[in-house]
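Down below is the structure, laid out as structure tokens.
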Amino acid sequence: MNTLALCIPAYNAAAYLPRLLNSAKAQAIPFDEILVYNDCSTDDTALVAQQFGAKVIQGDVNRGCSYGKNILAQNTTCNWIHFHDADDELLPNFTTLAHKWMNKTHCPDVVLFDYEYQDNVDNTLLAVIKFDNTALLKDPIAYAITNQINPFCGLYKKAAYLKVGGYDTDPLILYNEDKAFHIRLAKNGLSFAAESEVSIVNYRVYNSMSAANAYKCIKAQFYVLEKTAATHGTTYAFELARELWYNITMLAAHQDWEYVRKALRLAQKLGYSNSPEGTIIFKTLTKLFPFGTVWLREKLIRLFKPHLRNG
């Protein structure tokens, strides 16, 4: 019989957990297990989780959410896992949809669920994120390279997760670990599909880990692309180069010229010394003067459009 675990990595999440755990209790089909990994929080995260009946796994040293997810996956007795960020929410139809997939004769290893992106303060709907099932089925590696996939929208077969080693805990890719994780799953041959009915709410929280560490996310993205290029650079050169050139733009916005040069060298190694996208002028100039064009473009933005860099 298929069973489903809700696995929540949490750090100082006492203020947010009640919303998520109440939404878990409101499911038409109950979760078989609810586990919270308390990553050495300094607030009442563990107490709140226990009050809602969740099983708490206590970390001894703060190690980050990637480590926490791996521990949660190792400790659940269920054969299916859904990770969820403590500050997000489930709609009442989530487990019904999950069981629909889990009970298929040939269910894929990973199912991605469409979700709403809302503001945490006033619940304004900012976007509805939809996954392209056709593209996922055609080439999950290319899709994982070129799209951001977060674990709060995923349903994972536990055995497949553990077989590939779960999350990569390399500190260099921390802050971009979710992209690295889904690329790892795809590279190891796991099958993917998408559920089109919205069943999750992701909230824009201004002090979230990613929001508070925007530069670290950009730098970590470079290392994720570098790792992927080392194994699949020949087959996915264009996809990697496109992401690299976006990464170059963001590194330049933070004036990290050392890493701009590193990313440019990697793009050149992949056969894309110039930008594969953008205006004809920009693509031509980057082909002739890659670093100089990126440097000049950033200086012009700061001179004529400083509002794009302020704050």
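The values are calculated or read from the model by the stated rules, or taken from the named source; none is laboratory data. In this text, all values refer to a predicted model and were calculated from it rather than measured experimentally. Glycine gets a Cβ as well: all are built from the backbone with ideal geometry, and neighbour counts include every protein chain shown. Protein only, heavy atoms only, side chains kept; ligands, DNA and RNA dropped before computing areas. Shrake-Rupley method; radii C 1.70, N 1.55, O 1.52, S 1.80 Å.
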- prompt: List, please: which pairs have Cβ atoms under 7 Å, are six or more places apart or on different chains, and start with a residue in the range 63-87 that is within 19 Å of residue 184 (Cβ to Cβ) and end with one that is polar (S, T, N, Q) and open to solvent by 50 Å² or more (accessible area, probe 1.4 Å)?
  reply: 66/169; 67/169
message: I'd like to verify a number: residues in the range 8-33 that are among the aliphatic types (A, V, I, L, M) and either assigned to a loop (DSSP other than H, G, I, E, B) or open to solvent by 40 Å² or more (accessible area, probe 1.4 Å) (or both), how many?
response: 6
- line: Selection from the range 207-220 of residues hydroxyl-bearing (Ser, Thr, Tyr) and more than 13 Å from residue 16 (Cβ to Cβ) yields 210, 215
field: Residues of the range 245-262 classified as assigned to a helix (DSSP H, G or I), open to solvent by 80 Å² or more (accessible area, probe 1.4 Å) and under 23 Å from residue 306 (Cα atoms), total
entry: 2
message: Please go through (1) within 24 Å of residue 20 (Cα to Cα); (2) open to solvent by less than 60 Å² (accessible area, probe 1.4 Å); (3) in a helix (DSSP H, G or I) for residue 200 and return the number of the only condition it doesn't satisfy.
response: (3)
message: I want to confirm something. Restricting to the range 126-181 and keeping residues that are free of Cβ contacts under 8 Å to residues at least 60 places away in the same chain and basic (Lys, Arg), which single residue is surrounded by the most Cβ atoms within 10 Å (Cβ to Cβ)?
response: 179
query: Mind checking which pairs have a first residue in the range 50-62 that is under 20 Å from residue 18 (Cβ atoms) and a second that is open to solvent by 100 Å² or more (accessible area, probe 1.4 Å), Cβ under 7 Å, 6 or more apart or different chains?
result: 56/50
- request: Count, please, the residues in the range 269-295 that happen to be assigned to a helix (DSSP H, G or I), free of Cβ contacts under 8 Å to residues at least 40 places away in the same chain and open to solvent by 90 Å² or more (accessible area, probe 1.4 Å).
  value: 4
message: at pLDDT 95 or above, out of contact with any strand residue (DSSP E or B) (no Cβ under 7 Å at 6 or more places or on another chain) and open to solvent by 20 Å² or more (accessible area, probe 1.4 Å): which single residue out of 58, 118, 51 fits that description?
response: 51
The listed residue being open to solvent by 40 Å² or more (accessible area, probe 1.4 Å) and in contact (Cβ under 8 Å) with a residue 60 or more places away in the chain, out of 265, 242: 242
